[in-house]
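Worksheet: one structure, shown below.
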Amino acid sequence: MHEKMFRSKKFLLLKLLFCVTVGWPTWLAGDDGTSQQVVYHVNFDDSQEQQQTLRYIKNHLNAVGEDKLDLRVILHGDGLTLLLEPDMADNTLFKSGYATDELTASVAALKDRGVRFLVCANTLRGKKVDHENDLYDVAGEDIVVSGVAEIARLQGQGFAYIRP
C-alpha cells in the first residue's frame, strides 16, 4: 500500500512538473494559448462611434493576434451606414452614409486581417439598400438573414458578445 501511494505521489509530481515546464513559456508571454471567438454588434448611426468601434477591433486584433481570433462584425439597422457609400444614401431610406475613403481603408485593413463584416438582409430590404451598388465591399456571402438572429446563433456557438 505504501508503495502504491509513493507511485501516486510520484505521478502527481511528474504531472505537475510537466505542466509547469510546458506551460511556463506561455505564462511568461502572458498568453494562455487559447483562441477567441467574438462578435461585435453595430446597429448605431454615429460615424464617430463607428470609427471608434473599428479602432477597438484593431486593438483587439493587436492584443490577441489574428491567428487566435475569429471576429465577426454584425451590421443591422442604422449600423449599415458604416458601409453605406455617402453618395448612395439618396437611393436608400438612410439620411447619410459614412463609407468615406478613410473609413473604407480601415474596413479593408481589418478584412485583410480576417475580420468578417456581416450585413442583415432584413435591413437591406427595409431600408431599400442594394448591397452590390450602395455598400462598400459587401458580397452575397456577407449577407445574413437576420442580424439579431446571427448574433444569437454565434453566441450559441460560444462567441463572446461585444456592443461598443
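The values are calculated or read from the model by the stated rules, or taken from the named source; none is laboratory data. These numbers come from a predicted model, not from an experiment. Counting neighbours? That spans all protein chains shown, and the Cβs are built from the backbone with ideal geometry, glycine included. Accessible surface areas use protein heavy atoms only, side chains included; no ligands, DNA or RNA. Shrake-Rupley method; radii C 1.70, N 1.55, O 1.52, S 1.80 Å.
When the test is whether a residue is assigned to a loop (DSSP other than H, G, I, E, B) and surrounded by 14 or more Cβ atoms within 10 Å (Cβ to Cβ), residue 138 passes it. Quick one: would you say residue 161 is of a type in the set (Ser, Thr, Tyr) and over 15 Å from the mean Cα position of the chain (by Cα)? So residue 161 does not fit the description; no. With respect to the conditions (1) under 10 Å from residue 74 (Cα atoms); (2) free of Cβ contacts under 8 Å to residues at least 12 places away in the same chain, residue 142 lacks only one, and its number is (2).
Of everything listed in (1) open to solvent by less than 20 Å² (accessible area, probe 1.4 Å); (2) of a type in the set (S, T, N, Q); (3) in contact with a Pro (Cβ under 7 Å, 6 or more places away or on another chain), the single unmet condition for residue 92 is (3). Checking each residue in region 95-105 for being open to solvent by 50 Å² or more (accessible area, probe 1.4 Å) and part of a helix (DSSP H, G or I) picks out 101, 102, 105.
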